[in-house]
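Working notes, beginning with the structure itself.
Rule-based calculations on the coordinates, nothing more; no lab input. Here the structure is a predicted model, which means the values were calculated and not measured. All Cβ positions, glycine included, derive from the backbone under ideal geometry; neighbour counts span all protein chains shown.
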Ligand code: ADP
């Protein structure tokens, strides 16, 4: 079975969030169970050196009134024979940070068209025959529609939703760039204004199957109160057309056990595993606190995108409590400039206990996962969340909102702590409670060991994806 996985990022070549981790690790797990799985992503200038791809050819795409050339580069995921293709086009695909929503939408419509043409190119060059395309998030969610209308017979498409709050919403003019005839797009004129397009919504309607990244998020998004308003109609519409048997399935993400392994992590001051974690974590923590000029104290951290979703404003409100409890708090993240500012301000207010590293810093993330005692995850919603899984593998106990994949991956009071989401007083109370558990040494040790022993590898979930692919072909 030949599966082409596509999305906007792939670790370690280019990563800004959890999707990058998934794109860089799920294919390797699928390969182990005999799915020939390859990846295709845009070739941004930032990743070219790291990817070190070999040019294997080129093809052309008719986009708007231009013929655009696409260069094809081939490389592999590190330590694997898993092929990654990079599609290169200077004017449109070389930069990810395009400003303006329509620019981004046009960019990924172009990439989606390029992926469909690329599949034909692979086939006609006798390189590889694709049986199924696995699209991820809005960036590649036009592929099912393009596939249905432009390829005969169409290849089945799976759309995995990693986050419903990013939908690719913008001008419907993008369909002209793709040369859709009116009758081909008439299905699009629905509840939203005819001038607008919701790309993720289109993907939900046109994909052969739709999945998301945790069983609990799959349930939550079918309830109106949990869902993101605009997309709810699409989910309902799909349910009405496809019925119960084709409902959205939730498969929990895994993490790459080679990339996230405290026993082999070269970035750590001291490596450790479940048998010697006390010595190891103490050494790493000592080293990191010294780097930050913080005193040896129980240490909480936050790692992630600084987006409203992540509930950082709640952390800012409980910082005083953490300081009063004589603990440290270290933030690592970047994103929304207003949230970044608030985080910097709170760090300035409590210089003895709080630090804020406002940046994307892979190396520091490893050190922080290993050195912290607790990681705070007060997300308002969380489709899956990988940070709790990585933290647990590094012996750091998660304190998380009871939502989405956090609920699926943490067992309250056993390997982490869950609190009622959006409830500040509950978060405050849970923080106090965790520190009292830490003082009860035996109980705390058992929690850390349980967390470290938990299996968040891709093995189980890769089997579920394979089964899903088999049903679709
Ligand atoms: P999301 O996909 O919503 O961003 P996840 O928890 O699924 O959240 O995944 C986040 C991934 O991105 C994790 O691998 C985390 O370590 C990484 N990450 C997020 N922000 C940063 C940062 N500022 N520096 C380094 N790594 C980061």
What whole number of Å gives the distance from the Cα centroid of the stretch 5-73 to the Cα centroid of the stretch 217-295? 22
Highest mean first, what order results for 235-244, 30-39 on Cβ atoms within 10 Å? 30-39, 235-244
Going highest first, how would you order 392-405, 148-161, 95-108 by mean Cβ packing within 10 Å? 392-405, 148-161, 95-108
Could you work out the Rg to Rh ratio of the chain, with Rh taken as the Kirkwood radius (inverse of the mean 1/r over all Cα pairs)? 0.98
Honestly the stretch 277-453 on the Cα gyration tensor test (a ≥ b ≥ c root eigenvalues; a/c under 1.5 rounded, otherwise a/b vs b/c for prolate or oblate) is just rounded
Would you mind ranking 8, 166 by Cβ crowding within 10 Å, fewest neighbours first? 166, 8
For the stretch 277-453, calculate the relative contact order in percent as a whole number, restricting contacts to Cα pairs under 8 Å that are 6 or more residues apart. 21
Estimated distance in nm for a label pair at residue 264 and residue 453, the labels positioned 7 Å out from Cα along Cα-to-Cβ: 2.2
With each label point set 7 Å from Cα along the Cα-Cβ vector, what nm distance links residue 244 and residue 58? 5.5
Taking Cα atoms only, helix 424-439 is inclined relative to the longest principal axis of the chain by an angle, in degrees rounded to 10, of 50
Inter-centroid distance (Cα atoms) of the stretch 298-341 relative to the stretch 77-92, Å: 35
Gyration tensor verdict on the stretch 25-162 (Cα atoms; rounded if a/c is under 1.5, prolate if a/b is larger than b/c, oblate otherwise): rounded
